[in-house]
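Below: the structure, in structure tokens.
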Amino acid sequence: MKTAAFVTLGCKINHYETQAIREEVLDLGYREVEHTEVADVYVVNTCSVTAMSGTKSRKYVQRVARTNPRARVVVVGCSTPSEREQLAKIPQVAVLAGNEEKTLVASYLDGGWKPGEPLPEKSEDIFSPV
């Protein structure tokens, strides 16, 4: 069984969105593990409201990449252009997506979307209240 770990940085909205992403990824058949454990996929929901939070986000991405050098790291959320440049240089970063693409993490893992392709039409918004 494939494994996934989730890291959330920043505000309560990021925590809520990570939970929605988590549910979709687990519905694909992934088993959740702690982000300090070896996982096949790490989803890091970043924040760069301040320079300190941007640095913290980058350090978490680097940390999970070292935890499993063969993993795919999916980085979503806000980041500055400079931070995005630095994150893109980390070989394990398979997806570097902005806030508008957070809803596509499960589609990427399921093979239904590739970074750089137009955003697909989604029939449901995973972030809307039930």
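The values are calculated or read from the model by the stated rules, or taken from the named source; none is laboratory data. Keep in mind that this is a model prediction, so the values were computed, not measured. FYI the Cβ positions are ideal-geometry reconstructions off the backbone, even for glycines, and counts take in every protein chain you see. Accessible surface is based on the protein model in full, side chains and every heavy atom, while ligands, DNA and RNA are left aside. Shrake-Rupley method; radii C 1.70, N 1.55, O 1.52, S 1.80 Å.
Quick rundown of the values:
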item: Selection status of Val61, within 21 Å of Gly111 (Cβ to Cβ) and of a type in the set (A, V, I, L, M); result: no
item: The lone exception for Glu37 - which of (1) assigned to a helix (DSSP H, G or I); (2) over 12 Å from the mean Cα position of the chain (by Cα); (3) among the acidic types (Asp, Glu) it fails; result: (1)
item: Subset of segment 82-97 [free of Cβ contacts under 8 Å to residues at least 12 places away in the same chain, among the polar types (S, T, N, Q) and assigned to a loop (DSSP other than H, G, I, E, B)]; result: none
item: Count of residues meeting criterion [assigned to a loop (DSSP other than H, G, I, E, B), surrounded by fewer than 20 Cβ atoms within 10 Å (Cβ to Cβ) and touching a residue at least 40 places away in the same chain (Cβ under 8 Å)] in segment 24-34; result: 1
item: Boolean, Val73 is free of Cβ contacts under 8 Å to residues at least 60 places away in the same chain, part of a helix (DSSP H, G or I), within 17 Å of Ala4 (Cβ to Cβ) and in contact with a helix residue (DSSP H, G or I) (Cβ under 7 Å, 6 or more places away or on another chain); result: no
item: In segment 51-75, residue least open to solvent (accessible area, probe 1.4 Å) [restricted to those that are farther than 20 Å from Ile21 by Cα and among the hydroxyl-bearing types (Ser, Thr, Tyr)]; result: Ser53
item: Qualifying residue in segment 8-23 (condition: outside any strand (DSSP E or B), open to solvent by 30 Å² or more (accessible area, probe 1.4 Å), more than 19 Å from Asn99 (Cα to Cα) and not small (Gly, Ala, Ser)); result: no
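Every residue, every condition in (1) open to solvent by less than 30 Å² (accessible area, probe 1.4 Å); (2) at pLDDT below 95; (3) of a type in the set (A, V, I, L, M, F, W, C), yes or no:
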position	(1), (2), (3)
Val43	yes, no, yes
Ala97	yes, yes, yes
Val105	yes, yes, yes
Pro120	no, yes, no
